[in-house]
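The values are calculated or read from the model by the stated rules, or taken from the named source; none is laboratory data. Source: prediction; values computed, not measured. Cβ placement follows ideal geometry from the backbone for every residue including glycine, while neighbour counts extend to all protein chains displayed.
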Amino acid sequence: MNDSDILVPAPDPKERRRAGRRHFLRSASVATLAFGGSALLSACGGSGTSTPSATDSSTPTPSPSSTDTLNDQDSFNFLLNLAYLQAQFYTVAVTGAGLPTALIAKGDGNQTVQGAVTGGRQVTFTDPLVAQYAREIAADKVAHVAFLRSALGAATVAQPAINIDGSASGAFSALAQAATVVAAGAAFDPYASDENFLLAAFMLEDVVVTAYTGRQSTIATTLLIDAAAGIHATTSYHAGLIRTVLYAKGSVSTPSLLTNAGLISNARDAFDGSTDLDQGIVGDSVTSNISPLDSNGLALARTAGQVLNVLYLNKNAVVGGGFFPGGVNGNIKTSAAN
């Protein structure tokens, strides 16, 4: 698969309004977040034209300490690794092409150290609604990569090696095998059908939601907390949508989707330790479970190590495997020991 510009269809007026906000996020004015001390001065407007809002000089934002800045930088780079994975999966599935080099290179401009993407191809969608959802989510994931890179500036880590292959040895297949969705040694191809694409998206979305829930408590800078919360909310919308479509299709025409989603959830939970941090789509015999929550109605959270347990497909403390064969880039890279 070669990196190239992402192809998108001509947008309608509503999409142009969305595109205006995405362009704002991708532009240099989205964040003057330079972790060395500048603040996030911009915010997305609700109209088609986005205008940066001025800060109130009478109530200056306290500058974070150098330790807070480094910790926040580590958190954002960790989340950027997850954004790379999601953006590559969705854009390849939608367009057949991956992210351009400018969006995966190191923040200092070095374009020789980014990892390659293994596998992936365009999905021939048969359900026009699933195709529309996939295109919109793909665009949002690209915007997240651009936003996080803009926030990190020169401190941005390059994309690590990523495996989104649909062969029997690919990461999606390894998770499907662990979940007994397919037999040991068999392939699970995310690009073969709408249903497989939805299950593959389900494999990733819930994990990233729990990652943001867990990391937000470690971010010290108020403006960065707000930025992470915005991406967290968007990812939660995506996860809820994927779960809703799987539930609808599983309830009406393909019951195996509900069964397989439950098996995938159980496998993810087996990787991240003894605590119940994952839920399938069906809550009980009469209700769906569109939002996986704890007893207080709060989103489930994983530590960074637990997130990497799932994405490395390993319950032990390791520094790579699964979707990130060589590990993620940055200082947060080791999975938890379970």
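Data table
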quantity: Long-range neighbours under 6 Å by Cβ, at least six apart or interchain, first residue over 17 Å from Ala176 (Cβ atoms) within segment 313-338, second of a type in the set (Val, Ile, Thr) and surrounded by 20 or more Cβ atoms within 10 Å (Cβ to Cβ); calculated: Asn329/Val157; Gly330/Val157
quantity: In segment 120-130, the residues that are in contact (Cβ under 8 Å) with a residue 60 or more places away in the chain and surrounded by fewer than 18 Cβ atoms within 10 Å (Cβ to Cβ); calculated: Arg121, Gln122, Thr126, Asp127, Leu129
quantity: Those residues of segment 304-325 which are within 16 Å of the chain's Cα centre (by Cα) and assigned to a loop (DSSP other than H, G, I, E, B), in sequence order; calculated: Gly322, Phe323
quantity: Residue identified as touching a residue at least 12 places away in the same chain (Cβ under 8 Å), more than 28 Å from Asn314 (Cα to Cα) and surrounded by 20 or more Cβ atoms within 10 Å (Cβ to Cβ) among Phe147, Phe172, Phe188; calculated: Phe147
quantity: Residues of segment 79-92 satisfying the condition of being of a type in the set (A, V, I, L, M, F, W, C) and in contact with a helix residue (DSSP H, G or I) (Cβ under 6 Å, 6 or more places away or on another chain); calculated: Leu80, Leu82, Ala83, Ala87
quantity: Residue count, segment 292-313 (criterion: of a type in the set (S, T, N, Q), crowded, with 17+ Cβ neighbours inside 10 Å and out of contact with any Asp or Glu (no Cβ under 7 Å at 6 or more places or on another chain)); calculated: 1
quantity: Among (1) in contact with a helix residue (DSSP H, G or I) (Cβ under 7 Å, 6 or more places away or on another chain); (2) modelled with pLDDT of 95 or more; (3) not in a loop (DSSP other than H, G, I, E, B), the one test that Ala102 misses; calculated: (1)
quantity: Single condition Gly107 does not satisfy, out of (1) at pLDDT 95 or above; (2) in a helix (DSSP H, G or I); (3) not hydrophobic (A, V, I, L, M, F, W, C); calculated: (2)
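Conditions tested, residue by residue: (1) among the hydrophobic types (A, V, I, L, M, F, W, C); (2) modelled with pLDDT under 95.
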| residue | (1), (2) |
| --- | --- |
| Leu175 | yes, no |
| Thr180 | no, no |
| Ala183 | yes, no |
| Leu198 | yes, no |
| Ala211 | yes, no |
| Gln216 | no, yes |
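For (1) crowded, with 22+ Cβ neighbours inside 10 Å; (2) farther than 25 Å from Leu85 by Cα; (3) modelled with pLDDT of 95 or more, each residue gets a yes or a no:
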position	(1), (2), (3)
Thr221	yes, yes, no
His232	no, no, yes
Thr235	yes, no, yes
Ile242	yes, no, yes
